[in-house]
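To start, the structure itself, in structure tokens.
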Amino acid sequence: ELISRLQRNNWIRLRTLILLRWIAILGQITAITVAQRVYNLQLELGLCYLAIGISVIGNLIAISVFPESKRLSEFENFLMVLFDLLQLAFLLYLTGGLHNPFALLVLGPVTVAANVMGLRSTLFIGATAIILVTLLADFHIPLRTANGFVHETPPLFVYGNWVAIIIAIIFMSAYSRRINSEMRSMSDALAATQLALSREQKL
């Protein structure tokens, strides 16, 4: 059982998280470009691209320093997921906070944490996400049009959005951990059965 736990801590390959981050980077660039050119929103483009650029640099460094087949320890997974969560929160701060419909994407890092990390790391990531979402409800740079009009969701809907995200964070974390735990239990049972059959065949 101890060996199994140690193996689980190194299940996730670096290449997997790098790929997920590239997808997130592409989505962030697309969203900012569409918001600026299609909807004429006035964004802090310098800071937005700085935040995205840091993610790009992080990916390039990871690719150049470590082999893509490297399997991450739980602490390394924790650092990468925490970085992604903070980077996303900073982008949301620059683009309207909870008035931005993309605020629900904070569920991504939380779900990843619940699937690949231990309980303590998952609780820390979840609590950090809840704190960040709470802060973003009040502290953010508003979305403005070229004419200076501020796009704001009514306070009641912002509160509802906050409640929905908090509930989703808790539910997705618990659900993902439960499903993942059952899958691991089934995997352990299957491995034990196969080992018993192998020994029986040898006998």
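The values are calculated or read from the model by the stated rules, or taken from the named source; none is laboratory data. Not measured: the values here are computed from a predicted model. So basically every Cβ, Gly included, is an ideal-geometry build from the backbone, and we count neighbours across all protein chains shown. Heads up: the accessible areas ignore ligands, DNA and RNA and are worked out on the full protein's heavy atoms, side chains in. Shrake-Rupley method; radii C 1.70, N 1.55, O 1.52, S 1.80 Å.
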- [ ] Within region 36-60, count every residue that is part of a helix (DSSP H, G or I) and open to solvent by 90 Å² or more (accessible area, probe 1.4 Å).
- [x] 5
Open item on the list: Checking the structure you have, find out if any residue of region 76-95 is in contact (Cβ under 8 Å) with a residue 24 or more places away in the chain and more than 17 Å from the chain's Cα centre (by Cα).
Closed with: yes
TODO: Could you please give the count of residues in region 61-88 that are under 11 Å from R21 (Cβ atoms), open to solvent by 40 Å² or more (accessible area, probe 1.4 Å) and of a type outside the set (A, V, I, L, M)?
DONE: 2
- [ ] State whether one or more residues within region 170-179 are among the aliphatic types (A, V, I, L, M) and either more than 22 Å from M80 (Cα to Cα) or touching a His at 6+ places or on another chain (Cβ under 6 Å) (or both).
- [x] yes
TODO: Kindly establish whether T193 is at pLDDT below 90 and part of a loop (DSSP other than H, G, I, E, B).
DONE: no
Open item on the list: Go through region 132-154 and report how many residues are open to solvent by 80 Å² or more (accessible area, probe 1.4 Å) and either in contact with a strand residue (DSSP E or B) (Cβ under 6 Å, 6 or more places away or on another chain) or in a strand (DSSP E or B) (or both).
Closed with: 2
Task: Failed condition for P142, given (1) farther than 18 Å from L41 by Cβ; (2) touching a residue at least 24 places away in the same chain (Cβ under 8 Å) - done: (1)
- [ ] Could you pull out the residue among I141, I131 that is touching a Gly at 6+ places or on another chain (Cβ under 8 Å) and either farther than 14 Å from I12 by Cβ or modelled with pLDDT under 90 (or both)?
- [x] I141
Open item on the list: Yes or no: region 175-189 includes at least one residue that is at pLDDT 90 or above, open to solvent by 60 Å² or more (accessible area, probe 1.4 Å) and part of a helix (DSSP H, G or I).
Closed with: no
Open item on the list: Please go through region 96-108 and give me each residue that is open to solvent by less than 20 Å² (accessible area, probe 1.4 Å) and within 13 Å of the chain's Cα centre (by Cα), ordered by number.
Closed with: A103, V106
Open item on the list: Which pairs turn up if I take residues in region 118-134 that are over 16 Å from L88 (Cβ atoms) and look for partners that are open to solvent by 50 Å² or more (accessible area, probe 1.4 Å) with beta carbon separation below 8 Å, at least 6 apart in sequence or on another chain?
Closed with: G118/N9; L119/R177; T122/R177
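Give me the residue from region 112-128 that is among the β-branched types (V, I, T) and modelled with pLDDT of 85 or more and, out of that set, farthest from F171 (Cα to Cα).
Going through the qualifying residues, I end up with T128.
Considering only region 80-99, I want to know if a residue exists there that is among the aliphatic types (A, V, I, L, M) and over 25 Å from N115 (Cα atoms).
There is at least one residue in region 80-99 that is among the aliphatic types (A, V, I, L, M) and over 25 Å from N115 (Cα atoms).
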